[in-house]
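As structure tokens, the structure follows; a few thoughts come after it.
The values are calculated or read from the model by the stated rules, or taken from the named source; none is laboratory data. Computed from a predicted model, the values in this text were never measured in an experiment. No Cβ is skipped: glycine too gets one built from the backbone with ideal geometry, and neighbour counts run over all protein chains shown.
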């Protein structure tokens, strides 16, 4: 009791003697000073989430403390709280914010995901939980099919910290629905978690700053939406009117570009259609690419802008025809490479292995042309050797399947869509003298 009394006595105003309520000279203890006028409080009508408050910068921001960056030690000033200009956010965080704005403004590109996202990253908002590139990238690529326009009305960084490596920012986005013309404004608090290489590992988009749904079954529905919604939107492309606006990164394109062109503008119009179908930075394989049609198609892919095209064929060394084609491409100086890999496509395991090595080297796979095929000399069908018949099936049917499998595995591995083209003869669907339909028919089915 004496200790308590002692502590209380120290808290009294030393300028006034101890008094009691019965003392006529009693004065109340001094009040706490009024809050400083420079305090700042968020304008959002919602209470910040626990995930936001757990960061030091976010907590300071919402507690109303305004920090003067000039009085901070240099080591603590590298990434500061929200109130300061973009010069106070390091270049990596600024790049992430710029890329996210491109995605939210309906301008998704493969380059953005390769540059700023990890392949196993997670994106979640109140509607979806997308895990892995194939799901979270699909969400952003699907947005232009749902909205005709998206613009950022306001954006403000709330926190940018090293430990944890995280960006928290407030965004106000206005969306315009396709065809309907109606608009929807969504205010979000977006939390971006990064790894040590400043790549995104998780993006949490909290609409109106509210926690994500936690009611029973919500998690399952959000996971389901992440898988089903992109598929539905992809299917809608085949039923949409032909007047649907182009979603090309080169838009406006074609007649739309002509109609929107300003005749008084000083900028000279330039062709875009070839850029629309360009294969810039793409990687592909062509089986049977040592000569003939396979080599012709490999050259065409290079001329279309592909980064590297690998010709797969049986000989250990490429033909003179192939070598001259390679030299021709190099003299073009268009940034394309023609490579050669000796491979027997009838060996499934070996084909998978070689194409996986190409994936390791290039980091992606976009195009596969299965053009390898053979035709045996004409023989009497009643005495046709089993060995020759099996060889035709192994190359023209099995080899095509194994090549397509190998390329598809790498497309799935790197999370990028691609094209698989299987070359077959018309003899697979009609009767043709001296040519068997047995080996070409299955390719039509594939």
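Among the residues of the stretch 319-344, which ones are touching a helix residue (DSSP H, G or I) at 6+ places or on another chain (Cβ under 8 Å), over 21 Å from residue 278 (Cβ atoms) and outside any helix (DSSP H, G or I)?
Answer for the stretch 319-344, where residues must be touching a helix residue (DSSP H, G or I) at 6+ places or on another chain (Cβ under 8 Å), over 21 Å from residue 278 (Cβ atoms) and outside any helix (DSSP H, G or I): 340, 341, 343, 344.
So, of the residues in the stretch 361-374 that are assigned to a loop (DSSP other than H, G, I, E, B) and in contact with a strand residue (DSSP E or B) (Cβ under 7 Å, 6 or more places away or on another chain), which turns out to be surrounded by the most Cβ atoms within 10 Å (Cβ to Cβ)? Explain how you work it out, then say what you get.
Taking the stretch 361-374 first, the residues assigned to a loop (DSSP other than H, G, I, E, B) are 363-366, 371-374.
Among the residues that remain, those that are also in contact with a strand residue (DSSP E or B) (Cβ under 7 Å, 6 or more places away or on another chain) are: 364-366, 371-372.
Numbers: 364: 21, 365: 27, 366: 23, 371: 24, 372: 24.
Checked the stretch 361-374; the qualifying residue surrounded by the most Cβ atoms within 10 Å (Cβ to Cβ) is 365.
What residue, of 175, 169, is under 15 Å from residue 194 (Cα atoms) and not in a helix (DSSP H, G or I)? Show your work before the answer.
Numbers: 175 fails: under 15 Å from residue 194 (Cα atoms).
Residue meeting the stated conditions: 169.
For the stretch 345-360, enumerate the residues that are surrounded by fewer than 15 Cβ atoms within 10 Å (Cβ to Cβ) and either part of a loop (DSSP other than H, G, I, E, B) or at pLDDT below 95 (or both).
360
For the structure I just gave you, tell me whether residue 387 is closer than 19 Å to residue 290 by Cα, out of contact with any helix residue (DSSP H, G or I) (no Cβ under 9 Å at 6 or more places or on another chain) and assigned to a helix (DSSP H, G or I).
Working: closer than 19 Å to residue 290 by Cα: no; out of contact with any helix residue (DSSP H, G or I) (no Cβ under 9 Å at 6 or more places or on another chain): yes; assigned to a helix (DSSP H, G or I): yes.
When the stated conditions are applied, residue 387 does not pass them.
For the stretch 276-298, name all the residues that are closer than 20 Å to residue 406 by Cβ and in a loop (DSSP other than H, G, I, E, B).
Those that are closer than 20 Å to residue 406 by Cβ and in a loop (DSSP other than H, G, I, E, B): 279, 282, 288, 289, 290.
Scan the stretch 318-326 and tell me whether some residue there is farther than 16 Å from residue 289 by Cβ and surrounded by 21 or more Cβ atoms within 10 Å (Cβ to Cβ).
The initial filter retains those residues of the stretch 318-326 that are farther than 16 Å from residue 289 by Cβ, namely none.
So far as the stretch 318-326 goes, no, none of its residues is farther than 16 Å from residue 289 by Cβ and surrounded by 21 or more Cβ atoms within 10 Å (Cβ to Cβ).
Which one of these does residue 176 not meet: (1) more than 20 Å from residue 112 (Cα to Cα); (2) in contact with a helix residue (DSSP H, G or I) (Cβ under 7 Å, 6 or more places away or on another chain)?
All conditions are met except number (2).
Which condition breaks for residue 220 when tested against (1) in a helix (DSSP H, G or I); (2) in contact (Cβ under 8 Å) with a residue 40 or more places away in the chain?
(2)
Just to be sure, is residue 269 surrounded by fewer than 14 Cβ atoms within 10 Å (Cβ to Cβ) and at pLDDT 95 or above? It would help to see each step written out before you state the result.
On the way: surrounded by fewer than 14 Cβ atoms within 10 Å (Cβ to Cβ): yes; at pLDDT 95 or above: no.
No.
The conditions are (1) at pLDDT below 80; (2) surrounded by 10 or more Cβ atoms within 10 Å (Cβ to Cβ), and residue 263 fails exactly one of them. Which is it?
Against the list (1) at pLDDT below 80; (2) surrounded by 10 or more Cβ atoms within 10 Å (Cβ to Cβ), residue 263 comes up short only on (2).
Restricting the search to the stretch 175-209, which residues are out of contact with any strand residue (DSSP E or B) (no Cβ under 7 Å at 6 or more places or on another chain) and at pLDDT 80 or above? Talk me through it step by step, then tell me what you get.
To start, the set of residues in the stretch 175-209 that are out of contact with any strand residue (DSSP E or B) (no Cβ under 7 Å at 6 or more places or on another chain) comprises 179-182, 196-198.
Answer for the stretch 175-209, where residues must be out of contact with any strand residue (DSSP E or B) (no Cβ under 7 Å at 6 or more places or on another chain) and at pLDDT 80 or above: 182, 196, 197, 198.
Exactly one condition in (1) under 21 Å from residue 163 (Cα atoms); (2) at pLDDT below 90; (3) under 11 Å from the mean Cα position of the chain (by Cα) is not met by residue 121; state its number.
Exception for residue 121: condition (2).
Would you mind telling me which numbered condition in (1) assigned to a helix (DSSP H, G or I); (2) more than 30 Å from residue 115 (Cβ to Cβ) residue 301 fails?
Every listed condition holds for residue 301 apart from (2).
In contact (Cβ under 8 Å) with a residue 24 or more places away in the chain, surrounded by 19 or more Cβ atoms within 10 Å (Cβ to Cβ) and more than 15 Å from residue 203 (Cβ to Cβ): which single residue out of 116, 130, 159, 150 fits that description? Working first, answer last.
Numbers: 116 fails: more than 15 Å from residue 203 (Cβ to Cβ); 130 fails: more than 15 Å from residue 203 (Cβ to Cβ); 159 fails: more than 15 Å from residue 203 (Cβ to Cβ).
Step by step, each of 116, 130, 159, 150 is checked, and only 150 is in contact (Cβ under 8 Å) with a residue 24 or more places away in the chain, surrounded by 19 or more Cβ atoms within 10 Å (Cβ to Cβ) and more than 15 Å from residue 203 (Cβ to Cβ).
Of these, 126, 108, 164, which one is in the same structural domain as residue 213 (by TED's automatic domain parsing) and closer than 25 Å to residue 417 by Cβ?
Numbers: 126 fails: closer than 25 Å to residue 417 by Cβ; 164 fails: closer than 25 Å to residue 417 by Cβ.
Residue meeting the stated conditions: 108.
Which of the following residues is assigned by TED's automatic domain parsing to the domain that holds residue 221 and over 23 Å from residue 416 (Cβ atoms): 175, 133? It would help to see each step written out before you state the result.
Values: 133 fails: over 23 Å from residue 416 (Cβ atoms).
Step by step, each of 175, 133 is checked, and only 175 is assigned by TED's automatic domain parsing to the domain that holds residue 221 and over 23 Å from residue 416 (Cβ atoms).
Would it be correct to say that residue 102 is at pLDDT 90 or above, out of contact with any strand residue (DSSP E or B) (no Cβ under 8 Å at 6 or more places or on another chain) and closer than 23 Å to residue 165 by Cα?
Numbers: at pLDDT 90 or above: yes; out of contact with any strand residue (DSSP E or B) (no Cβ under 8 Å at 6 or more places or on another chain): yes; closer than 23 Å to residue 165 by Cα: yes.
Yes; evaluated as a whole, the condition is true for this residue.
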